[in-house]
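The values are calculated or read from the model by the stated rules, or taken from the named source; none is laboratory data. None of the values given here were measured: they were computed from a predicted structure. All Cβ positions, glycine included, derive from the backbone under ideal geometry; neighbour counts span all protein chains shown. To get the accessible areas, we keep the full protein, side chains included, count just its heavy atoms, and leave off ligands, DNA and RNA. Shrake-Rupley method; radii C 1.70, N 1.55, O 1.52, S 1.80 Å.
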Amino acid sequence: MLDNNTRSASAAANTVNGAMNNASADVKTLVKDAQTLLTAAAALTGEKAEELRGRGMEMLDVAMGKASQVQGQAMVKGKELAQSADVYVKDNPWRTIAAAAGVGLLLGVILGRK
């Protein structure tokens with residue numbers, strides 16, 4: 001049965017993954033739109049070109065803002081996960097040792113076959 005620390009760590013990891021996937025898609029879309037605007041602005045001259053360049057730069061600024069926001073959220077959630085893992089290891093040292101030994105054994109078998 002999962003304890004509260006494991007459940008909260010799992011929930012935090014899922015939240016971070018979902019937020020990063022959404023933000024990544026948003027940033028990619030914004031960057032593509034900005035590239036399209038800047039490419040169109042390169043072909044134009046005058047006031048219209050300046051307007052397109054300005055909108056492109058605004059889109060890139062928004063993309064950078066979203067990326068830094070997600071980075072901040074990921075840092076906070078990462079610290080929470082590390083804290084949760086630390087508490088779990090301190091509360092269950094023998095389980096942790098057994099899990100690490102099992103992973104080491106598995107890796108040894110897999111790498112030994114190659």
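Listed values, structure above:
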read-out: Residue tally, condition under 30 Å from N21 (Cβ atoms) and either modelled with pLDDT under 85 or of a type in the set (V, I, T) (or both), over the stretch 75-99; value: 4
read-out: Every residue from the stretch 64-85 that is open to solvent by less than 90 Å² (accessible area, probe 1.4 Å), free of Cβ contacts under 8 Å to residues at least 60 places away in the same chain and under 12 Å from the mean Cα position of the chain (by Cα); value: K66, A67, S68, V70, G72, Q73, A74, V76
read-out: Top-ranked residue of the stretch 24-46 - restricted to ones that are open to solvent by less than 100 Å² (accessible area, probe 1.4 Å) and not in a helix (DSSP H, G or I), ranked as nearest to A74 (Cα to Cα); value: L44
read-out: Residues located in the stretch 47-63, provided they are farther than 21 Å from D26 by Cβ and either aromatic (F, W, Y) or open to solvent by 50 Å² or more (accessible area, probe 1.4 Å) (or both); value: E47, K48, E50, E51, R53
